[in-house]
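The values are calculated or read from the model by the stated rules, or taken from the named source; none is laboratory data. Predicted model, so just to flag it, every value in this text is computed and none were measured. In this analysis, Cβ positions are derived from the backbone assuming ideal geometry, glycine residues included, and neighbour counts consider all displayed protein chains. With ligands, DNA and RNA removed, areas are computed over all heavy atoms of the protein, side chains included. Shrake-Rupley method; radii C 1.70, N 1.55, O 1.52, S 1.80 Å.
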Amino acid sequence: LCLSALPALFKEELRDKEAKEGETVTLHCELTKPAPVEWKKGDTALRPSEKYKMRQKDVTAELVIHSLGEGDA
């Protein structure tokens, strides 16, 4: 017997957020099952820093972006 696990899928996908330059915004997504989430901007993987904070608990992942600028659109 050979079983393959189903992949994690988005249960709730990211939604566009509007914020003013210099503000902080939080993006979140919900998965169908726990799985690691990698946040990217284009092809570039984002890394935790003063600007980007990543949190994940079970099936919910959040990305907090501090000090928004035009380049964050």
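The modelled label-to-label distance for the pair residue 13/residue 70, using points 7 Å beyond Cα in the direction of Cβ, is 2.9 nm. Rolling a 1.4 angstrom probe over the protein heavy atoms with all chains in place gives the stretch 22-68 an accessible area of 66 Å² per residue. Each Cα pair under 8 Å and six or more residues apart adds its sequence gap; the mean of these over the residue count of the stretch 22-68 is a relative contact order of 53 percent. Given +1 at the Cβ of Lys and Arg, -1 at the Cβ of Asp and Glu and no other charges, the dipole of the stretch 22-68 around its Cα centre is 100 debye to the nearest 20. Across the chain, the longest piece that holds none of the trypsin sites (Lys or Arg not before Pro) lying in DSSP loops with up to 13 other C-beta atoms within 10 Å covers 21-73.
Residues of the stretch 56-70 with amide nitrogen under 17 Å from the 7 Å Cα-to-Cβ point of residue 23? Hits in the stretch 56-70 for residue 23 at 17 Å: 63-70. For the chain, with all protein chains in place and a probe radius of 1.4 Å, 51% of the accessible heavy-atom surface sits on carbon or sulfur.
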